[in-house]
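Colleague: Take a look at this one; I'll ask things after.
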Amino acid sequence: MIKKIEHVALIVSDMDRSIAFYSFWVQGTPSRSERGARDGVFVLIAHYKAKGIVFNTEEPKPTLGGGRMILFYGPDRELLQFVEPGQRER
């Protein structure tokens, strides 16, 4: 199981637009304690829907490990995902 990410590389078509998107995306993200143990993904969805993010589905989908996940696109149509691990993945 992945516990940490050191860095991510993205190829973008408009650097200013991507910096604005990812800066906006990270700022104000509810902390783990604010999200709660089991409803964290729903808190994130509500938070980002209020900021204009459009998700690919209305509700998160189950993961193979018993968690939940939801997909959305970044400014260059890169597929992004929020994942809430299941009990077997923790």
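The values are calculated or read from the model by the stated rules, or taken from the named source; none is laboratory data. From a predicted model like this one, the values you see are computed outputs, not experimental measurements. In this analysis, Cβ positions are derived from the backbone assuming ideal geometry, glycine residues included, and neighbour counts consider all displayed protein chains. With ligands, DNA and RNA removed, areas are computed over all heavy atoms of the protein, side chains included. Shrake-Rupley method; radii C 1.70, N 1.55, O 1.52, S 1.80 Å.
Colleague: What's the total number of residues in segment 8-24 that are open to solvent by 70 Å² or more (accessible area, probe 1.4 Å), more than 15 Å from TYR73 (Cβ to Cβ) and not β-branched (Val, Ile, Thr)?
Modeller: Number satisfying all stated conditions: 3.
Colleague: Another one. Show the residue pairs that are 6+ apart or on different chains and have beta-carbon atoms under 7 Å apart, the first residue being within segment 70-86 and closer than 16 Å to ALA9 by Cβ, the second being β-branched (Val, Ile, Thr) and part of a loop (DSSP other than H, G, I, E, B).
Modeller: Qualifying pairs under 7 Å: ASP76/VAL12.
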